[in-house]
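A.B. asks: Shown below is the structure under consideration.
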Amino acid sequence: MTNAFAIEARGLSKSFGDVKANDQIALKVPGGTVHGIVGENGAGKSTLLKMLFGLYRADSGDILVCGQTQHFTDPSDAMAAGIGMVHQHFMLVEPFTVLENIILGAEGSANLDAAKEAARAKLLMLEDQFGFNLPLDTPVEKLSVGVRQRAEILKALYRGAEILILDEPTAVLTPQECEQLFALVRQLKDQGKTILFVTHKLHEIMAVTDDVTVIRAGKTVAECKTADTNPEELAELMVGAKVVRKTARKQHETEIARLRLTDVHADGDHGLELKDINLEVFDGEVLGIAGVAGNGQTELLEIITGLRAVREGVIHMGGEIIANDRLVTNPIALRRMGMAHVAEDRLKTGVVESMSARDNAILGYQREKEFSSGGILKLKAIAQKAAAYFETQDVRPRNPDLPIASFSGGNQQKLVIAREIARDPQLMVIGQPTRGVDIGAVTKIHDQITELRNAGKAILVVSADLDELLSISDRIAVMCEGEIVGTMNVEDATETKLGLMMAGDKREAS
Amino acid sequence: MEFFTDMILLMDSTLRTATPLVLAALAGLVAERSGIVDIGLEGKMLAAAFAAAAAAAVTGSPWMGMLAGVGASVFLALLHGWVSIAQRGNQIVSGMAINIAVAGLAPTLANFWFQKGGQTPLLGDEARFSTITLPFADALADVPVIGALYSELISGHNLITYLAAALIPLVAWMLYKTRFGLRLRAVGENPEAVDTAGISVTLLRYQAMVIAGVLCGLSGSVLSTGLGGGFIRDMSAGKGYLALAAMIFGRWKPVPTLLACLLFGFVDALQGRLQGVALPLIGEIPVQFTMMLPYVLTVVILAGFAGRMDAPKASGTPYEKDH
Amino acid sequence: ADFTPVLLYDIGGKFDKSFNEAAHTGGERFKEETGLDYKDFEPNSETQYEQALKRFARRKADLIIAVGVGYSVAVRNVASKYPDVKFTVIDAIIDLPNVQSITFKENEGSFLVGMIAAMKTESNTIGFLGGMDIPLIRRFERGYRQGAEYVKGDLTFIENYVGTTPSAWNDPIKAAEMARSQYARGADIIFSAAGPSGLGSIQAAKDTGNLAIGVDSNQNHVAPGYVLTSMLKRVDLAVYHAMKAAEAGEWKPGHTVLGLAEGGVDFALDEYNADLITAEMKAKLDEARAKIVSGEIVVSDVEGSNSGH
Amino acid sequence: MAAQKKLPFWADAILLPTLNLLAAFLVSGLVIWGLGEDPLEALSLMVDGAFGFQEGVGYTFYYATNFVFTGLAVSVAYHAGLFNIGGEGQAMLGGLGLTLAVFLVGDVSPVLAVLLAIVGAAAFGGAWAFIPAYLQAKRGSHVVITTIMFNFIASALLAYLLVGPLQRPGGQMPESADFPDGVSLMHLQDLFAMMGFTYESGPLNLSALIAVLCAVGVWFMLWRTRFGYELRVVGQNQNAARYAGISVTRMTVIAMMISGGLAGMMGLNELLGEQLRLLGNFTLGYGFVGIAVAFMGRNHPVGIVLAAMLFGALYQGGAELAFEMPNIQRDYIVLIQGLVILFAGAMEHLFRDPVERVFRHFSERRAA
Ligand SMILES: Nc1ncnc2c1ncn2[C@@H]1O[C@H](COP(=O)(O)OP(=O)(O)OP(=O)(O)O)[C@@H](O)[C@H]1O
Ligand SMILES: Nc1ncnc2c1ncn2[C@@H]1O[C@H](COP(=O)(O)OP(=O)(O)OP(=O)(O)O)[C@@H](O)[C@H]1O
Ligand SMILES: [Mg+2]
Ligand SMILES: [Mg+2]
C-alpha cells in the first residue's frame, strides 16, 4: 500500500471509430511528484487524461488510484477519488462570477446565497494556503487567461483534489504567468499533491517535472526520470525521428517598407483601444509582435488585414494607402495586392470547419479568375490546387474531401499556410503560426517562414510563444494595453526583457 | 375621469390577456435557459387547453381539468426534450411538428369523445375557474381611485391569473437564488462545464422541460377553463409564438419578460378599444391595421435592442458527450 | 341504387356553430325523416372545392349541395362541364340551367333582433361583435343597426370585429375580452355574428350578468337567461328542402331568396328566452315583420352583398 | 466532434428516411385503429388516392409544387445560416405582387401579364423578406421572431386589401375579382392534349415545371457558383466569411431575399395556376410545412423535391381518405402531417445510430 502509486494506468485503450487514440497506455505516477506527458498533436494525451478524469470510458485497461482499481462512470466519480482536472479549453461559464464557477456542482446547500457564503469562507482559507488572490465576484468573461486558469485550479482544489491534471496549461500564458504557474505547481507538490502536466514545450518539462512519459500514436514509447533525459532526446522520442532545422537564416538587407502604420488609432474589443501605433515591416525581414493575449495584437492584425476600421492614422502597403479613417480595403482586394493572412484563431476564422479541405483551399481566393469566372466555380482547377497543397505540405491524411475539422491542428495549419503562400505574396501577416501545433510541424512551419523571408518577403508574426518569436524574428515589437511599448532587434532581446515590457514596463524600450 | 376608467378597463383586460402569455413565456424561458429552444409552446398550450376542457367537462371539476392540462403539456415537453436531448434532433422542427400534430390531434379526439365537431361541451360555472372577488372589493368600490383600482383591476380575476402572479417571482427566485437555478443557467451557457463538474446535463434538461411543461400546461388550462369555457379548435390563436417573442424581448429574464407580456396584453386590449373609434387627426383606423399593432410593435422594439441578443449560448445545440 | 345527395361544406367545416353546422342539421333531418343517407365532405382548401365537386359530379351524384359563397367559382366551372348533374349552391348565385342558388336576407333577421335589443336595453347602448371583417358579416351589422334605430333614435352603438383572418371565427377568448370591454363601456346587449367565437361573448354576458344575442342556429340554450334571442338563418331548411325536392323529383334550378317572408331568417323564441321577451315586444316585432314582408319597410343592404351578382 | 461519414450515400439518403416514414405511419396507423377504423384500408385508400388514378397523381404533384417552392425557400436561407419561418407571409405578398401585375396589364396582353406576374410574385416575396433580413444583419434582431411577426402582418394586410381596394365586386369573402381571361399558367393536361395524348392531370400546371427549374437553379447556385460558395461560407462561419472578403450583411440580405422570392412564387401554382383570383388565406400553412420539407430533404434540392412529393401525396391521399371514410375528419390528416414531420424531420437519429452500428459491425467483419 505504501509504495502504491498515487495514480496508475494499466493497458488503457480507447478508439474513436477507426482511430486508436490510446493503445495499451501505461502510466505510473508516485504520490507527491510532478509527472510530465509529451507527444505530438493527436498522440492521445488529452484522450488519456479524459479517461483518467472519467470523461471518456476506456475500451479496456485499468485505472488505479492509490492502489485501488477505479471504475469512473463520470467526472464526479473521479473527483470523489480526489482527481481534479484543468482542461486544454477551460470549462468555465463565462457570465458567471469566479465564485459561482467554483461552486458549480459542489454547492452544498440548495440555497444559493448560503452556499456562496459557506464557499467564500473555505476559499479564503485555500487562497492564503496557496497564495492565490482571485476576484471572486467578477464575471469570468472579464478576466485574463492566466486568472481564469487559476480559477480552474482553485476549482479543483476546492473539490479536495489530491491529484491535479493540467492539459497544456502554458499554451496561452506569458513567461511571467508561466513562472507563477510553475511556482504554484512546486508549492502544490510540496503540499503533497500529485500533478500530471501536459505540454508541447520541452523546456517546461525540464523545468517542473520529476518524471516524464512520452506518447506517440497512442502508445507509451518511453517513461524516464526527467533528470536522466534532455529535450533533444524527448523530441526524437515524440516524433520518432531526428528533428533538424534545415534552413539557415541569412543576414537580410532592408530597404523598402512593405507595410507602414503611421499614428494609427482604432477601437478594440472589451473597451481596449489601439493608441498611436507606428510600425514598419521591410522586405526580407520578420517582425515579431509579442504581448500578453488581449493587449491589442488581435486588433492590430485585423486593421492590417481589412477586418477592422481605423479611427485615425494611415496604413500603407507598398506605396498605396490601404486604410485610413475613411477607408477599409476589402480583404479580397488586399490579397490581390499581394497580402497573405494566416489567421490567429484557425478554427474561428481561418477555415470553415464543416466544409471539405478542398473548399477551404480557396477560402479568400474564391474570386480569383483561377478558381471562378463569370461567377462560376472552376471545380477541376480547385481540386487540382487542393491536391497540390496536400502534396507540397505533406498534409495527412491525403484526402481533400474530408471536412477540415477531422484534420489535426498541425495539418489544418499546414493547409492554411499552403493556401496563403501559394500566390507568392509580398507581405505575409501571420497570427500564432504554431499554436497547438506539435514539434514536427512547428519546425517545418518555422523553416517555411524563414525561407519566405530569405526570398525577400516582408513578414509580420504575432505569437504568444516567445521562444518562437526569438527564433524566427529579426525584430520584435512588444504590445501592451493597445500600445507598442517598444521595438528591438532580436539580438538585444531576452525572455525577461520582453516579459517585463509585455507587463507594460517601458524602460526596456530602445 | 372618463380616461381614468378607460385606463382601468384596459389594464384589467391586459391582466387577463397577459396571463396565458406570461405563463407560456416563462415556460419558454426555463427551456431555453437549459439550452433547449421551444417553439412548440403553441402546441403545448393547445393540447393543455383541450385536455383541461375535456377533463373538466367529464369530471365537472376545473382542478381535474388543470391536472389533465398540465399532464398533457408535460408529456409533450418531455417528448420534445427526448427529441432534443436523446435524439439530438432539430429543435425547431420538433417544435413545429408538435404544433402541427396537436392542431390535428386535439379536434380529432374532441370529435371522437364528444361528437361536437372538434369542440368540447361548454363548461358550466362549477367546471371553470370563475372569477374571484377579493375581500372588501365591493365595500371599497366607491372609495375614489384606490377603490376602483382594487375592485376593478386587482379583484375579479380567475384563480390561474393570481397563480401566475405568484409564479413569476417564484421562477425568478428558482433561477437566481437556488442551486438548481445556478446549474440550469450554467447548462444553457456551457453544458461541457456542467458535465465536467460532474452534473448530468441530460437530467438537468429533462427537469427544465418538466417545469416548462407545467407552466405551459397552466397557460393552456387558463384558456379553456379560466378565460374561456371550453375548448375550440385552434383556440391558442398564435399566443405561443407571441410568448416566444415576449421572452426574447425580455432577453431571457423573468421580470422583463413579464413586462413584455403585459405590453402585448395592453396593445391587444387597446387594439380592440380603438376599433371603430375615430381618432383625432388620423380618423378611424381600419380594423386590419389596428390588428397589426402588436406585431409591428414587436418588430420595432426588437430592432430597438440592437445586438442586445444575449441568448443562452448553448440554446438550440444538442450536447454531444463524446464517448 | 337509392337516392344519395352530397353535401359539401366550406373551409369553415361541418361544426362551425354557424351556417355549415346548420347545413349539417338539415342533412341529418333529411336522413332521419327519409331514412336515406347522404355523403358529406369538409375541404381543407379552396382547391378542394372544385376537386370535390368534380369527384361527385363524375360519379353522377343525385344532387350536390355546396354550402358557402366560396363555391361560386368552382360550381360555375364544374356545373357547366356536367350539365346533367344537379347542383344547389347556398349563399351564392350561379346562373346555369342545372344550378339552384339559395341566398338569405340576413339583414332582415338582423333587423328584428336589432329591434329586440333596442326595446330591451336599459343603458341605451348596444353592441355588435363580428367575427371576421367581411361584407357578409357587415350586412348583419347593417340590419341590426337599422332595426334598433327603427325602435329608438338615440342609441349608442359599440362594434368590434374579432379579427381579419379565418382564425377570427375560432378565438372565443378574444371575443370574450371584446364583449367584456363593450359591457364595461355601457352596452347591456351584444349581438355577435362570429361563429364559434360568439360563444366567447355569450360567456362574457354570463360572467358580467348582461345579455347576448346568438346567431345562425338557435343558441338560446347555451346560457339560459343570458341569451336574449338568436338570429336564425335557416340554412338547415334550405338544405332539407333541396334534398326532399330532388328526391321527389321536384327540384328546380334558378335563384331563391329566403327572407322573413319565406321563413328563411327569423329570431328564436323558445322556453329559454320566453320570459325575456314580453308580449308587447312580441307584438311590435310581428307588426314590423308584416311591414317588411309587405315591403313597407325596406331593410337596406351593404353593396357587395350576395342578393344578386 | 470529428464528423467522419460512416454511412454509404444510399443508406443516408434513402434507407433512413424510409425507416423514419414507416415509424410515422405506424403511429398514425395506431391512432386510426384507436378511432375504430382499419389502418390498412386507410393506408391503401391514401396511396390509391394519391397515385392510383390520373387525376389523383395530378393533384399530388399539384400540392407538391407548393412545397417545392416553400421548401427551397427555407433551405436557401438555412444554407446562409438563417431560419426563415416567414415563408407563409412571403407567399402571401408574392400572391399580392402577382395579382397586382395581372390586373395591371392583364387586359393589355395576357402573355405579358403572366411573365410580369412571375416577376411580381418573386419580387414581392423577396421584398417582404428584406426587412427582417436587414434587421437581422444590421440590428441583430432575431430573424425567427421578426419573420413570424411579418406573417401576421402580411395576413392582416392582405385581409385589408381584399375587403377594401381589391375586393371582388359583390363578393362576400376576402377575395379579389377573377383574373382577366387567358391570364393563367397552362394546365399540363391541356399541354398533353396539344401534344396529342390525354392525361387527366387536374390542376397540375406549368408552375410545376417552374418549381423543378427553381430546384435545379438552387442546386447550381449553391454548389456550382461562387455566390453559392460565399453564401455557404457565411452560413457556416461568419468570421471566416469576413476573412475571405465576403460581406456578411450583404449575403444575409441577398440570401433572405432569394428565399422570400422562392416562397413568393408559391402563388404561381395556387393563384395563377388554379384559383385565378387572389384569396385571403390561400397559403394555408404551406409556408410552415416548407420548413419540414426542407429538413426532411436534408436541405438538398433533390431531397426537397422528394419530400415535397411525399407531402403532396399526404394532402391528396388525405383528401381521398376523408371522402371515403366519414369518421376520418380532415384534422386527422393534419395529425399525420405533424407525425411525419416529427419522425422524418426531427428524429433523423432515431435509426441512424443503430443502422450505423450494423454497418460498422459488417465493415469490421470484412476487415477481420
Ligand atoms: N471525440 C473524438 N472523436 C473522434 N476522434 C477523436 C476524438 N477525440 C480525439 N480524437 C482523435 O484521437 C486522437 C488523439 O486525440 P487527442 O486530443 O488525445 O490528441 P492530443 O495528444 O491531445 O493532441 P493535442 O496535442 O493537439 O491536444 C486524434 O487523432 C484525434 O483526432
Ligand atoms: N460579396 C462581396 N462582399 C464584399 N465585397 C465584394 C463582394 N463581391 C464583390 N466584392 C468586391 O468587388 C470586387 C470585384 O469582385 P470580383 O472581381 O470577384 O467580381 P468579378 O470581376 O465579376 O469576378 P469574376 O470576373 O470572377 O466573375 C471584389 O474585389 C470585392 O472587393
Ligand atoms: Mg490535447
Ligand atoms: Mg473576379
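A.B. asks: Looking at the range C:141-165, which of its residues are closer than 18 Å to C:Gln182 by Cα and buried (at least 24 other Cβ atoms within 10 Å of the Cβ)?
C.D. replies: C:Tyr144, C:Ala148, C:Asn160, C:Tyr161, C:Val162, C:Gly163
A.B. asks: Also, quick follow-up: Which number in (1) among the charged types (D, E, K, R); (2) more than 16 Å from ligand 2 (Cβ to nearest atom); (3) within 12 Å of chain D (Cβ to nearest Cβ) marks the one condition that A:Lys275 misses?
C.D. replies: (3)
A.B. asks: Can you give me the ranges of the strands (runs of 3 or more DSSP E) entirely in the range C:1-74 with at least 2 residues that are of a type outside the set (A, V, I, L, M)?
C.D. replies: The strands (runs of 3 or more DSSP E) meeting that bar are C:39-41.
A.B. asks: Kindly list the number of the only condition in (1) of a type in the set (Val, Ile, Thr); (2) in contact with a helix residue (DSSP H, G or I) (Cβ under 7 Å, 6 or more places away or on another chain); (3) surrounded by fewer than 24 Cβ atoms within 10 Å (Cβ to Cβ); (4) not in a helix (DSSP H, G or I) that fails for D:Val108.
C.D. replies: The one condition D:Val108 does not meet is (2).
A.B. asks: How many residues, within the range D:136-152, are part of a helix (DSSP H, G or I), surrounded by fewer than 21 Cβ atoms within 10 Å (Cβ to Cβ) and at the interface with another protein chain (Cβ under 7 Å from one of its Cβ atoms)?
C.D. replies: Residues meeting the conditions: 1.
A.B. asks: Another question about this same structure. Could you give me the residue pairs with C-beta distances under 6 Å whose first residue belongs to the range D:201-222 and is aromatic (Phe, Trp, Tyr), whose second residue is at pLDDT 95 or above and in a helix (DSSP H, G or I) wherever it lies, and which are 6+ apart or on separate chains?
C.D. replies: Qualifying pairs under 6 Å: D:Trp219/D:Pro301.
A.B. asks: Just for the range A:367-403: of the residues that are more than 16 Å from ligand 2 (Cβ to nearest atom) and β-branched (Val, Ile, Thr), which one is farthest from D:Tyr243 (Cα to Cα)?
C.D. replies: It comes out as A:Thr392.
A.B. asks: Starting from residues that are more than 14 Å from ligand 1 (Cβ to nearest atom) and charged (D, E, K, R), keep the ones in the range A:5-47 and report whichever is farthest from A:Ile63 (Cα to Cα).
C.D. replies: A:Lys28
A.B. asks: Among A:Glu152, A:Glu179, which is at pLDDT below 90, closer than 30 Å to A:Asp269 by Cβ and assigned to a helix (DSSP H, G or I)?
C.D. replies: A:Glu179
A.B. asks: Looking only at the range D:21-40, which residues are among the charged types (D, E, K, R) and touching a residue at least 24 places away in the same chain (Cβ under 8 Å)?
C.D. replies: Passing the criteria: only D:Glu37.
A.B. asks: Continuing with the same structure: Examine the range C:85-97 for a residue that is surrounded by 18 or more Cβ atoms within 10 Å (Cβ to Cβ), out of contact with any helix residue (DSSP H, G or I) (no Cβ under 8 Å at 6 or more places or on another chain) and away from chain B (no Cβ under 14 Å), and state whether such a residue exists.
C.D. replies: no
A.B. asks: Any idea how many residues of the range B:150-199 are more than 10 Å from every other protein chain (Cβ to nearest Cβ), part of a loop (DSSP other than H, G, I, E, B) and among the aliphatic types (A, V, I, L, M)?
C.D. replies: 0
A.B. asks: For the range A:321-357, which positions are more than 10 Å from chain D (Cβ to nearest Cβ), within 23 Å of A:Ala293 (Cα to Cα) and modelled with pLDDT of 95 or more?
C.D. replies: Once the filter is applied, which keeps residues that are more than 10 Å from chain D (Cβ to nearest Cβ), within 23 Å of A:Ala293 (Cα to Cα) and modelled with pLDDT of 95 or more, the range A:321-357 yields A:Ala340, A:Val342.
A.B. asks: Something else now. If you check D:Ala64, D:Ala77, D:Ala50, which single one turns out to be assigned to a helix (DSSP H, G or I), within 14 Å of chain B (Cβ to nearest Cβ) and out of contact with any Pro (no Cβ under 9 Å at 6 or more places or on another chain)?
C.D. replies: None of the other options fit; the residue is D:Ala77.
A.B. asks: Output the number of the condition that D:Ile118 fails; it satisfies all remaining conditions of (1) in contact with a Leu (Cβ under 8 Å, 6 or more places away or on another chain); (2) part of a helix (DSSP H, G or I); (3) within 14 Å of chain C (Cβ to nearest Cβ).
C.D. replies: Single failed check for D:Ile118: (3).
A.B. asks: Could I ask something else about it? Hand me the list of strands (runs of 3 or more DSSP E) wholly inside the range A:21-73 holding 3 or more residues that are away from ligand 3 (no atom under 16 Å from the Cβ).
C.D. replies: Here the list reads A:60-65, A:68-70.
A.B. asks: From the residues in the range B:114-136 that are more than 11 Å from chain C (Cβ to nearest Cβ) and over 20 Å from B:Met45 (Cβ atoms), which one is surrounded by the fewest Cβ atoms within 10 Å (Cβ to Cβ)?
C.D. replies: This residue is B:Pro135.
A.B. asks: Please work out if A:Phe132 is within 16 Å of ligand 3 (Cβ to nearest atom), more than 22 Å from A:Thr213 (Cα to Cα), at pLDDT below 90 and not in a helix (DSSP H, G or I).
C.D. replies: So A:Phe132 does not fit the description; no.
A.B. asks: Which condition number does A:Gly364 fail, the rest of (1) closer than 18 Å to D:Val233 by Cβ; (2) touching a residue at least 40 places away in the same chain (Cβ under 8 Å); (3) away from ligand 2 (no atom under 16 Å from the Cβ) being met?
C.D. replies: A:Gly364 satisfies all of (1) closer than 18 Å to D:Val233 by Cβ; (2) touching a residue at least 40 places away in the same chain (Cβ under 8 Å); (3) away from ligand 2 (no atom under 16 Å from the Cβ) except (3).
A.B. asks: Out of the residues in the range A:328-348 that are within 16 Å of ligand 2 (Cβ to nearest atom) and of a type in the set (D, E, K, R), state the one that is farthest from A:Asn411 (Cα to Cα).
C.D. replies: A:Arg336
A.B. asks: Which of (1) surrounded by fewer than 23 Cβ atoms within 10 Å (Cβ to Cβ); (2) closer than 25 Å to D:Glu175 by Cα; (3) within 13 Å of chain D (Cβ to nearest Cβ) does C:Ser80 not meet, given it meets every other one?
C.D. replies: Status for C:Ser80: all satisfied but (3).
A.B. asks: Looking at (1) within 13 Å of ligand 1 (Cβ to nearest atom); (2) surrounded by fewer than 21 Cβ atoms within 10 Å (Cβ to Cβ); (3) within 14 Å of chain B (Cβ to nearest Cβ), find the lone condition where A:Arg216 falls short.
C.D. replies: Exception for A:Arg216: condition (3).
A.B. asks: A further question follows. Evaluate the following for A:Val140: is it away from ligand 1 (no atom under 16 Å from the Cβ) and not small (Gly, Ala, Ser)?
C.D. replies: The answer is yes for A:Val140.
A.B. asks: Of these, A:Gly318, A:Gly288, A:Gly313, which one is under 19 Å from A:Gln413 (Cβ atoms), in contact with a strand residue (DSSP E or B) (Cβ under 7 Å, 6 or more places away or on another chain) and away from chain D (no Cβ under 11 Å)?
C.D. replies: A:Gly288
A.B. asks: Do we have any residue at all in the range A:15-27 that's within 22 Å of A:Leu181 (Cα to Cα) and either within 28 Å of the chain's Cα centre (by Cα) or more than 16 Å from ligand 2 (Cβ to nearest atom) (or both)?
C.D. replies: No, because not a single residue in the range A:15-27 is within 22 Å of A:Leu181 (Cα to Cα) and either within 28 Å of the chain's Cα centre (by Cα) or more than 16 Å from ligand 2 (Cβ to nearest atom) (or both).
A.B. asks: Let me ask something additional. In the range C:29-45, which residues are within 12 Å of another protein chain (Cβ to nearest Cβ) and not basic (Lys, Arg)?
C.D. replies: The answer is C:Asp37, C:Tyr38, C:Asp40, C:Phe41, C:Glu42, C:Pro43, C:Asn44, C:Ser45.
A.B. asks: Oh, and also: Here is a list of conditions, (1) of a type outside the set (S, T, N, Q); (2) closer than 20 Å to C:Gln182 by Cβ; (3) at the interface with another protein chain (Cβ under 7 Å from one of its Cβ atoms), and B:Leu274 meets all of them except one; can you say which number that is?
C.D. replies: (3)
A.B. asks: C:Ile158 versus (1) more than 9 Å from every other protein chain (Cβ to nearest Cβ); (2) part of a strand (DSSP E or B); (3) aliphatic (A, V, I, L, M); (4) in contact with a Lys or Arg (Cβ under 8 Å, 6 or more places away or on another chain): which is the lone unmet condition?
C.D. replies: Checking C:Ile158 against (1) more than 9 Å from every other protein chain (Cβ to nearest Cβ); (2) part of a strand (DSSP E or B); (3) aliphatic (A, V, I, L, M); (4) in contact with a Lys or Arg (Cβ under 8 Å, 6 or more places away or on another chain), the one that fails is (1).
A.B. asks: Are there any pairs with C-beta distances below 8 angstrom linking a residue in the range A:393-410 that is under 14 Å from A:Val437 (Cα atoms) to a residue that is in a helix (DSSP H, G or I) and among the acidic types (Asp, Glu), with the two at least 6 apart or on different chains, and if so which?
C.D. replies: Pairs that qualify, where the first residue is under 14 Å from A:Val437 (Cα atoms) and the partner is in a helix (DSSP H, G or I) and among the acidic types (Asp, Glu): there are none.
The values are calculated or read from the model by the stated rules, or taken from the named source; none is laboratory data. Since the model is a prediction, treat every value here as computed from it, not as a measurement. FYI the Cβ positions are ideal-geometry reconstructions off the backbone, even for glycines, and counts take in every protein chain you see.
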